[in-house]
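Take a look at the structure set out below.
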Amino acid sequence: MRRVAFAVMAVLLCAGLSAGLGACSTRDPYVATPATTTSGNWKIEKQVDRVTGIPVPSATNVIDNASNTFAERPGVASMQLTCFDEQPLVRFAFAFKVGTDTNSILGYRFDEKPGHDNVASRFLQEHRTVVIEDRAAVITFVNELAASSTLVVRLRSLTGGRTTADFKLDGAPAAIEAAFAGCPLPPQPEAKKKKRGAKA
């Protein structure tokens, strides 16, 4: 009888300690719940990097209408603007596999502007993420993004089928400014023209 009572007490004690430790040990907000502000359809990160002490350069637009040939229903996708290793990049992430570097291509179109196909990009190893990191390609993308309302992204892959995602772009100028503060892009052509006009 004493052994049974001791075993029950030991189990209760272990359960209590586990619950207590679980309550005390929470994930660091830097990785779990970054502080953000909203700009239209964008979430702009306001978290400070714990190593460098400067704000994390990131703006993200999340949707739930991405479609893929092999997915039965639409899924979540995100577009992120950021500086990585002092270089600007655009990152698209999906809830399903979309392709690989060797057999997939990225295309996109803003509003009714001419589309861009076979864009310089790289598919990451988990096959769910593609990044535009070529500086010229990023500049072209961002210049059109700043003055557009909608974006359709299309991926074609021999292994991942076809993937599409439609983004609403309200609030993009503030997202661009925050995301690329640490790796500034050249001024847009319109801004240059206005500057010249002001000098004259």
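Quick one: if the Förster radius is 30 Å, what FRET efficiency do Thr36 and Gln87 give, using the C-beta to C-beta distance and rounding to 0.05? The formula returns an efficiency of 0.85 here. The label-point distance for Arg73 and Asp170, in a model that sets each label 7 Å from Cα toward Cβ, rounds to 2.6 nm. When both the range 30-95 and the range 102-143 are represented by their alpha-carbon centers, they are found 16 Å apart. Across q = 0.08, 0.13, 0.20 Å⁻¹, the range 31-186 modelled as identical point scatterers on its alpha-carbon atoms has Debye log10 I(q)/I(0) values of -0.21, -0.58, -1.35, in the order of the q list.
Since every read-out is calculated from the coordinates, none of them should be taken as a lab result. Quantities reported herein were computed from a predicted structural model and do not represent experimental measurements. Please note: Cβ atoms are built from the backbone with ideal geometry, for glycine as well, and neighbour counts cover all protein chains shown.
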